[in-house]
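Shown next, in structure tokens, is the structure this report addresses.
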Amino acid sequence: MKRLFACGHKGQGKFCHRCSNEEKAVLAAQAAAEQRNEQKAASATQPRRRKERPEKDPSELDRLRSLKLAADRAEIDLSAAESLPTVMERALHVLSELKAGAHPQSLGGKKLATRRGYFSVPVGLWHRIFVEASSLRPTQFVTHEAYNRFV
């Protein structure tokens, strides 16, 4: 049987569940605001920590220099991957495999449907090396944007 509570709501039970839920929501919002204020006060008193840059290992610097030199000696322009050492390594590996006589399809390459005279060999996720199908000679190193314009 429904009854009328002191708040004016009607319902069953010993108390008004609607007012109880509203009161819980108000208390939770107050607790969250209080916690935010405490965090702001704590962060205001503590100085900000600067991110420390890790020191580059000398052997890593030597590796980067040797990659740069090898890229300069490569038969195609690898400047698109100048700031990406892992892509540069992979590109140099693909070029050395092609020079040794490996077929582009054994390196994951696919024959282009739109340009039948070329293979596209992936180098990482966003770079490709184009290889002439007739001579198996690498012609271009491109990013994915240039690849989309080429295809």
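The values are calculated or read from the model by the stated rules, or taken from the named source; none is laboratory data. On a predicted model such as this, the values are computed, not experimentally measured, just so you know. Here the Cβ is made from the backbone with ideal geometry for all residues, glycine too, and neighbour counts use every protein chain on show.
Among the residues of the range 65-83, which ones are surrounded by 12 or more Cβ atoms within 10 Å (Cβ to Cβ), among the aliphatic types (A, V, I, L, M) and more than 23 Å from L136 (Cβ to Cβ)?
Listed by number, the list holds a single entry, L67.
Scanning for something in a helix (DSSP H, G or I), modelled with pLDDT of 90 or more and in the same structural domain as L136 (by TED's automatic domain parsing), does the range 106-117 turn up at least one residue?
yes
Taking the range 122-151 as the search range and keeping residues that are among the β-branched types (V, I, T) and closer than 16 Å to T86 by Cβ, which one is farthest from the chain's Cα centre (by Cα)?
Among them, the one singled out is I129.
Going by the conditions given, is R90 of a type in the set (D, E, K, R), within 17 Å of E75 (Cα to Cα) and part of a helix (DSSP H, G or I)?
yes
For the structure I just gave you, tell me whether A80 is within 23 Å of S66 (Cβ to Cβ), in contact (Cβ under 8 Å) with a residue 40 or more places away in the chain and small (G, A, S).
Yes; evaluated as a whole, the condition is true for this residue.
A quick yes/no check of all residues on (1) assigned by TED's automatic domain parsing to the domain that holds G109; (2) touching a His at 6+ places or on another chain (Cβ under 9 Å):
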residue	(1), (2)
A6	no, no
A28	no, no
N37	no, no
R65	yes, no
M88	yes, no
A91	yes, yes
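This table checks each residue for (1) exposed (fewer than 10 other Cβ atoms within 10 Å of the Cβ); (2) at pLDDT 90 or above; (3) among the aromatic types (F, W, Y).
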| site | (1), (2), (3) |
| --- | --- |
| C7 | no, yes, no |
| H17 | no, yes, no |
| A28 | no, yes, no |
| A32 | no, yes, no |
| E52 | yes, no, no |
| P58 | yes, no, no |
| P85 | no, no, no |
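Under 6 Å between Cβ atoms, which residue pairs at least 6 apart in sequence (or on different chains) link something in the range 110-134 that is among the β-branched types (V, I, T) with a partner that is in a loop (DSSP other than H, G, I, E, B) and modelled with pLDDT under 95?
T114/V151; V121/G109
Looking at the range 125-151 only, could you name the residues that are closer than 16 Å to S96 by Cβ and not in a strand (DSSP E or B)?
Of everything in the range 125-151, those that are closer than 16 Å to S96 by Cβ and not in a strand (DSSP E or B) turn out to be L136, R137.
Can you tell me which of G108, G117 is on the phi > 0 side of the Ramachandran plot and surrounded by fewer than 17 Cβ atoms within 10 Å (Cβ to Cβ)?
G108
Among the numbered criteria (1) modelled with pLDDT of 90 or more; (2) in the same structural domain as A133 (by TED's automatic domain parsing), which one does A70 miss?
(1)
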